[in-house]
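Visitor: Input: one structure, supplied below.
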Amino acid sequence: MSIPTESIGSIPRPRALQEALSEHAAGRLSEAELTRLQEQATADTLSRLETLGCNVLVDGEQAKPSFLTYPLAGLTTLAPDGAVIPFADGHTRQLPRLTSGPFRYKVRAETYLRDALRHTDRPVKQAVIAPSALSLLYPAAPIAGYPRETFLSDLADEAEADIRGCLEAGAHSVQLDFTEGRLSLKLDPSGGLLDDFIALNNEVLGRFGEEDRARIGVHTCPGGDHDSTHSLDVDYADLLPRLFRLKAGNFYVQLASESDPERVLKIIADRLRPEIRVFVGVTDPIGTTVETPEEVRDRVLLAARYIPVDQLGTCDDCGFSPFADDTSTSRDLAFAKIEARVRGTAMASQALGF
């Protein structure tokens with residue numbers, strides 16, 4: 001047995017694809033040409049991950065506009081002035097606002113998965129957005145004829161279909177991106193918003209049987225965009241006890257960029273359930289230097305002091321480019337960090353006798 005290691009999701013797009021996205025947005029590039037370049041980037045991503053020794057691959061989200069908004073592409077019932085997410089460096093991301101119902105996904109994640117599976121025979125993990133994030137689309141003032149309760153019911157149905165479609169299409173596993181979990185405690189320090197998020201996500205996760213939930217995971221991090229975060233200053237001690245209430249079999253926890261990772265590991269150990277696996281972050285995607293395999297090995301060995309090895313995995317703290325227009329991290333730097341994670345995890349497995 002060896003300790004499993006997985007990427008979180010997004011990997012910086014090649015320069016040609018970045019330029020194509022700008023050209024397409026300006027109306028100077030056809031949809032067909034953009035699709036061709038996205039498919040080319042997906043194939044290259046899968047191939048490079050396989051070459052680095054990754055046992056479970058991801059498509060790098062090369063064709064997604066962002067990890068968050070992919071279900072909304074082409075939806076006409078949206079206005080641009082939705083919730084604003086502030087980052088520590090002063091920049092913001094703004095979500096759209098729902099203007100009418102019923103709410104339906106325009107794009108499902110299985111579309112990306114099926115495209116990826118055409119390029120590899122290796123296991124592929126598919127990232128999906130957690131329904132709690134999309135719940136932020138509903139405005140503070142009620143939508144006439146479409147109450148919030150009806151929206152949340154529709155959203156839960158759509159999120160379930162998104163996950164189920166990936167499982168049925170052959171995903172090795174499905175990962176819910178839940179970056180808004182930590183952010184919610186900044187927006188509402190009482191924890192009420194976080195409790196609402198947990199309840200909504202569990203409404204969806206509870207619709208799956210035990211066998212399926214073993215293939216479903218939840219990722220938490222303080223955000224990562226343009227080399228900045230939105231909630232790194234929020235104490236993990238306020239999030240993790242609630243996080244582990246989620247009905248998932250795997251948890252992907254940002255850890256490498258924490259100031260006191262051992263303290264976080266103690267919190268995890270106190271909340272660990274026998275049936276789950278915790279993938280701890282051992283590389284920092286917004287860090288400008290590449291971790292050495294030895295640094296990764298030591299981070300894994302520290303985690304193994306608190307998490308049983310048969311319940312331990314490793315990952316990157318976050319995706320490297322969750323929004324398609326984020327060019328702050330180079331593609332080569334991302335792959336170098338992934339290589340260090342794979343090699344360092346293998347070294348730790350060997351040191352632990354596996």
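Values quoted throughout were computed directly from the atomic coordinates according to the rules given, and no laboratory measurement underlies them. From a predicted model like this one, the values you see are computed outputs, not experimental measurements. All Cβ positions, glycine included, derive from the backbone under ideal geometry; neighbour counts span all protein chains shown.
Visitor: Just to be sure I understand: of the beta bridges DSSP finds with both ends in the chain, what percent are antiparallel, rounded to 5? Write out the running numbers ahead of the final one.
Guide: Working: 8 of 33 bridges.
Rounded to the nearest five, the antiparallel share is 25 percent.
Visitor: Can you list the cysteines of the chain that have no other Cys Cβ under 4.7 Å away?
Guide: So far as the 4.7 Å Cβ criterion goes, Cys54, Cys166, Cys315 stand without a partner in the chain.
Visitor: Same structure again: Sort Phe67, Phe323, Phe178 so that the residue with the fewest other Cβ atoms within 10 Å of its own Cβ comes first and the one with the most comes last. The partial results should precede the final answer.
Guide: Details: Phe67 23, Phe323 19, Phe178 28.
Fewest-to-most ranking of Phe67, Phe323, Phe178: Phe323, Phe67, Phe178.
Visitor: Within 10 Å of each residue's Cβ, count the other Cβ atoms and sort Lys125, Lys64, Lys186, Lys106 from fewest upward.
Guide: On the way: Lys125 23, Lys64 26, Lys186 15, Lys106 11.
Starting with the residue having the fewest Cβ neighbours, the order is Lys106, Lys186, Lys125, Lys64.
Visitor: Pairs of Cα atoms under 8 Å, at least six residues apart: use those to get the relative contact order of the chain, whole percent.
Guide: Values: 673 pairs, mean separation 75.4, N = 354.
21 percent.
Visitor: How far is it, in nm, from the label point at Glu19 to the one at Glu295 when both lie 7 Å from their Cα along the line to the Cβ?
Guide: 3.2 nm
Visitor: Then there is this: Rounded to the nearest 500, what is the 222 nm mean residue ellipticity of the chain from helices alone, with -39500 (n - 2.57) per DSSP H run of 4+ residues and division by all residues?
Guide: Values: 12 runs with 144 residues, N = 354.
Per the formula, -12500 deg cm²/dmol.
Visitor: Cα-Cα pairs above 13 Å in region 94-162: how many percent? Walk me through the intermediate numbers first.
Guide: Working: 1591 of 2346 pairs.
Roughly 68 percent, once rounded to a whole number.
Visitor: If the chain between Ala336 and Glu149 were fully stretched, how many nm would it gain, using 0.36 nm times the residue separation less the Cα-Cα distance?
Guide: Taking Ala336 through Glu149 to full extension adds about 62.8 nm, to one decimal.
Visitor: Given H placed 1.01 Å from N in the peptide plane, which residues other than close sequence neighbours of Leu57 have an amide H under 5 Å from its amide H?
Guide: Amide H to amide H, under 5 Å and 5 or more residues apart or across chains, Leu57 pairs with Val124, Lys125.
Visitor: Under a GNM of the chain (C-alpha, springs under 10 Å), which listed residue has the highest mean-square fluctuation: Leu243, Leu29, Leu52?
Guide: Comparing Leu243, Leu29, Leu52 in a Gaussian network model of the chain, the most mobile one is Leu29.
Visitor: Which of Ile143, Ile268, Ile163 moves most in a GNM of the chain, Cα contacts under 10 Å?
Guide: Ile143
Visitor: Please work out the ratio of the alpha-carbon Rg of region 166-288 to 2.2 N^0.38 Å and round it to two decimals.
Guide: Values: Rg = 14.3 Å, N = 123, 2.2 N^0.38 = 13.7 Å.
Ratio of Cα Rg to 2.2 N^0.38 Å: 1.05.
Visitor: On to the next question. Per q in 0.08, 0.14 1/Å, what log10 I(q)/I(0) does a Debye calculation on the alpha-carbon atoms of the chain return?
Guide: So the normalised log intensities are -0.35, -1.19.
Visitor: Which residue, Asp227, Asp238, Asp316, has the most motion in a Gaussian network model of the chain that connects Cα atoms within less than 10 Å?
Guide: In the Gaussian network model the winner is Asp238.
Visitor: Per 0.36 nm of contour for each residue apart, how much would the distance between Gln94 and Asp260 grow if the chain were fully extended, relative to their Cα-Cα spacing? Display every interim value, and only then the final one.
Guide: Numbers: separation 166, 0.36 × 166 = 59.76 nm, distance 3.09 nm.
This chain segment gains 56.7 nm when fully extended.
Visitor: In what order do Thr288, Thr45, Thr220, Thr120 fall by count of nearby beta-carbon atoms within 10 Å, going from fewest to most? Don't jump to the answer; show the numbers that get you there.
Guide: Working: Thr288 9, Thr45 28, Thr220 24, Thr120 17.
Fewest to most other Cβ atoms nearby, the residues stand as Thr288, Thr120, Thr220, Thr45.
Visitor: Moving on. What dipole magnitude, in Debye to the nearest 20, does the chain give about its Cα centre under +1 on Lys/Arg Cβ and -1 on Asp/Glu Cβ? Intermediate values should be presented prior to the final figure.
Guide: Working: 37 positive and 53 negative charges, 86 e Å.
My answer is approximately 420 debye.
Visitor: Another question, if that's okay. Full-extension gain between Ala73 and Asp227, please, as 0.36 nm times their residue separation minus the C-alpha to C-alpha distance.
Guide: Numbers: separation 154, 0.36 × 154 = 55.44 nm, distance 2.53 nm.
Full-extension gain reported as 52.9 nm.
Visitor: Any idea what the alpha-carbon Rg over 2.2 N^0.38 Å comes to for region 142-234? It would help to have the intermediate numbers written out before the result.
Guide: Values: Rg = 15.2 Å, N = 93, 2.2 N^0.38 = 12.3 Å.
Taking the Cα Rg and dividing by 2.2 N^0.38 Å, one obtains 1.23.
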